[in-house]
Amino acid sequence: MGEVKKIKNLKEFSTSADRFEGANLLCPGCAHSIIVREVLNATNDDLILASSTGCLEVCTAVYPYTSWDASWIHIGFENGSTAVAGAEAMYQALKRKGRLKQPDRSTKFVAFGGDGASYDIGFQWISGCMERGHDMMYIVLDNEVYANTGGQRSSATPIGASATTSPAGRKSYGEKKNKKDMVAIMAAHDIPYSAQVAPNKWKDMVKKIQHGLNVEGPVFINAMSPCTTEWKFDPKDTMMISDLATDSLVFPLYEIIDGHELNITYRPKHKVPVEEYLAAQGRFKHLFKAEYKHMIKEWQDRVDATWEYLQRREEARV
Amino acid sequence: MAFDKLELRDIEVWDGNFAAAQAMRQVQIDVVAAYPITPSTPIVEGYAKFLADGYIEGEFVMVESEHAAMSGCIGASAAGGRVATATSSQGFALMVETLYQASGMRLPIVLNVVNRALAAPLNVNGDHSDMYLGRDSGWIQFDAYNAQEAYDLNFIAFKVAEDHSVRLPAMVHQDGFLTSHTAQGVKTITDDAAYNFVGEFKPMNDMLDLDHPVTHGVQAEEDWHFEHKARQHRDLMLNVVPRIHEAFDAFEKLTGRKYNMVEQYNMDDAEIAVVCMGSSVETACEVAQELRDQGIKVGVVGIRVIRPFPFKEVIDALKDLKAIGALDRSSPNGAPGMLFNEIAGALFNTDTKAALSGYVYGLGGRDLTKEHLRDLFKELKVNADAGKVTTQLQQFIGVRGPKLAFL
Amino acid sequence: MAEQGWDEFEIGAMLRSFNGEAKDVALTLQEDRDYSSNNSFTASVADWRIEKPVFNKDYCIDCQFCWVYCPDISIISRDKKMIGIDMDHCKGCGICVEVCPTNPKSLLMYSEQTDEEQALAAWPSKDEGEK
């Protein structure tokens, strides 16, 4: 186990030497790179990284350029998890056989994937990795849409969002189903740690990433990643949207230890109405038309119910 | 050493699957990521048992699909170590996406493919549909005709694939059930000699070299993709063959068993021959010997290395014949068979007078009987005497119902 | 980067982040690293920008919000101080300005052509309407 990097405050955090580089091709204002920076800067351990096909992957390794300062691999859309699991297996084998080139270094294995790669096409691969107990972390960059291919719905797309394959129209308010609860599904694999994080809460993020990297076994992290292009907000507003998401509790921050012990890690002092979160994004614009306005109440009720559920889970300590 | 070695008898009675599993144990693979599928399952089971009994020091990752098996192999191989797995048929088909990624990333993974038909209709028996499916994937493909060869070719595959001038993955094929489940005498190599033949794994561009970070699996669009694919093809065409010859020579020195890019049986003064692969080669050899005894000059040519295709060796073996039968154990589905096409392509610009006809046989594990081959050789003899193909160019043999022939 | 022929690059489309050995990357600042020409650090996306951030250090309190929320590793902080903007890698998203808590802000967006000296000379004063 490596030494946990000391990050008392933001000033201290800002002395980090980034291992993710600029002139990548992510959109201006993309939250993916904010999250990746917070994750990578949370540790000084050596990292072996993987990405599934998606925005992050196609924007950070377009020949002849790489934006990664640690070893990184991409195979396909569905298998970023298994790519890093394979590398971790090799690490274990070479460690046992005494063939690691730098045997004394603390080395961690982290895979990134979008919600399309994780909730949908790569679901089985992640489940396999979690079940087998690889010493690795899987992080979903959850922007609730297939952003890389132009905004198609995924099973992380929330109800009422307009996506290109679930568009709002005269007879439809857009996506009909609410997103599936990946954190609960992954926690049900009885893994030592799973958590939900958001880029605006950097300290919460760093704490969870550090905890996750230092427990032995598979760790699952769902990171909200507001998408300026597909959520339809101005690139400068990425952090404002993040704040609305966490403060309206649309995106509650919590962790689940050993598959059952749930801790809420952020309680907004001033709870923001969900309506404000929805109103700030073009993908929900149609919900403010008279015929779909009932959806806003549905949203608030559902968010309240989820918050209630999380609080009861936390209290119950089971 | 944290693992035990096995004392093998000089000759063990093994089927093709167990022979492959033993070879995988002997080369001390670092990571096997695998998913079982008939008829290759016993390779994975055999390896798992070796692990359970303390004969394996590496990692064995039992994944949740064949796609994940090859994905895990790719991650492990890029990390830097010896990697192998096994599969068949539908599992191979599920792997196809990752096969291209393994070869494009130049990762020397060894894949034992126990050949089996592809559904629909679902079928567990041996034909060459999966083997043919892999032929454009950028892998080296070796074909074993029996258990001994399945054992031997594994060592050769690792040695060639891992060579730094090659760095391409390799498949070792054997026929489902006919080879994989038929126990035969297999001449063994000691654990030490087997490991020393393949040698210690030498990493290259390994992700686990923490002081030299590498990026694997980039995107390369129209401005770069062609150059990378061209390089891979070039290396398959020019770098692989010399390494295969060296490995075959070294293996002969070690064991006395000689392998060739193209195997020739009774071909010295042959006038007619069949070209085939897998367990059919041995059946054809028996029939050829029978006909030789009757004074008919027949021979058999087996393709040992399917990719890179032994173009020149095929010309040398076939150009002086009068009639050739190309036997394809995979439905071409709307074209001449692969072997027919490859042979025709090889011979087209030569001054050969050989009459070439193609046969599709044995789909879904249908037996290729000696009687089939006797009839086939007879037909080829007629072609040889006539100086041309007297039948249609493509015929199906061994299938019930009215005769099927095309072209 | 110059386009190369098939025989001029490493096999497998593999890219190296650094030239030669790179020890302790996590403890080595960008200026002390030997980046390979394949590292996107050596490339520029300056031409993506329509607007650019201008930094006025007179008002900066070194809170580092701009550093942590910059998606493009373009806020240069050293020894816990914000010292400038990496204009090769800044895409002009404007997040740094939005998260800047000072009054007046220490970072403001200007059109790409704006002269920095002029912008600083005409920096807005404290907005009494804000908290």
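Derivation of every value follows stated rules applied to the coordinates shown; laboratory data play no part. Because the structure is predicted, anything quoted here is derived from the model rather than measured. Virtual Cβ from ideal backbone geometry, glycine too; neighbours counted across all protein chains shown.
Counting only DSSP beta bridges with both residues in chain B, the antiparallel share comes to about 25 percent. Counting only C-alpha contacts under 8 Å and six or more residues apart, can you give the relative contact order of chain A as a whole percent? Contact order relative to length: 15 percent.
Normalising the average separation of contacting C-alpha pairs (under 8 angstrom, six or more residues apart) by the number of residues puts the relative contact order of chain B at 15 percent.
Between the residues B:His181, B:Ala34, B:Phe50, the greatest Cα displacement towards the positive end of the dipole of chain B, with unit charges on the Cβ of Lys, Arg, Asp and Glu, is found for B:His181.
Compute the angle between helix A:80-97 and the longest alpha-carbon principal axis of chain A, please, reported from 0 to 90 degrees and rounded to the nearest 10. On a 0 to 90 degree scale, this one is about 20. With helices as the sole contributors, the protein assembly as shown gives -10000 deg cm²/dmol at 222 nm; each DSSP H run of n ≥ 4 counts as -39500 (n - 2.57), and the sum is divided by every residue.
Computed on the Cα atoms alone, the convex hull of segment B:262-406 gives a volume of 106 cubic angstrom per residue. Comparing mean-square fluctuations of A:Glu12, A:Glu175, A:Glu144 from a GNM of chain A with C-alpha springs under 10 Å, the top value falls on A:Glu12. Helix A:31-41 and the longest principal axis of the Cα set of chain A meet at an angle near 30°. Legend: residue pairs A:Lys5/A:Lys201; A:Lys232/C:Lys52; A:Lys177/A:Lys236; A:Lys11/C:Lys105; A:Lys95/B:Lys187, Cα-Cα distance threshold 23 Å; pairs beyond threshold, A:Lys177/A:Lys236; A:Lys95/B:Lys187.
Diffusion coefficient (Stokes-Einstein, Kirkwood radius over C-alpha pairs, 4 °C, 1.567 mPa s) for the protein assembly as shown: 44 µm²/s, rounded to a whole number. If you wrap the Cα atoms of segment B:196-248 in a convex hull and average its projected area over all directions, you get 5.5 nm².
The mean sequence distance of close C-alpha pairs (under 8 Å, at least 6 residues apart), as a share of the length of segment B:110-234, puts its relative contact order at 26 percent.
Think of each Lys and Arg Cβ as +1 and each Asp and Glu Cβ as -1; about the Cα centre, that makes the dipole of segment B:32-91 roughly 120 debye.
Going by Cα centres, segment C:9-60 and segment B:3-34 are how many Å apart? That distance is 48 Å. Expressed as a fraction of 2.2 N^0.38 Å, the C-alpha radius of gyration for segment C:47-123 is 0.99.
Rg and Dmax of chain B, both derived from C-alpha coordinates alone, stand at 21.1, 69 Å.
Averaged over the residues of peptide B:226-233, the number of Cβ atoms from other protein chains lying within 10 Å of each residue's Cβ is 4. The calculated Kirkwood hydrodynamic radius for segment A:24-316 is 19.4 Å, given to one decimal from all distinct C-alpha pairs.
State the Cα centre-to-centre distance between segment A:216-271 and segment B:315-364 in whole Å. Computed from Cα coordinates, the inter-centre distance equals 63 Å. Each principal axis of the Cα atoms in segment A:156-246 has its own extent, and those three values, largest first, are 51, 32, 16 angstrom. Since only A:Tyr277, A:Val62, B:Trp224 are under comparison, the one whose Cα sits farthest along the positive direction of the charge dipole of the protein assembly as shown, derived from C-beta charges on Lys, Arg, Asp and Glu, is A:Tyr277. The value given for segment B:229-330 is a Kirkwood hydrodynamic radius of 14.8 Å, derived from the mean inverse Cα-Cα separation. Specify the angular offset, from 0 to 90 degrees and rounded to the nearest 10, of the alpha carbon long axis of helix A:123-132 from the longest principal axis of the alpha carbons in chain A. So the helix axis and the longest Cα principal axis differ by about 40 degrees.
Taken over the alpha carbons of chain C as equal point scatterers, the Debye sum produces base-10 log I(q)/I(0) values at 0.11 Å⁻¹ of -0.51.
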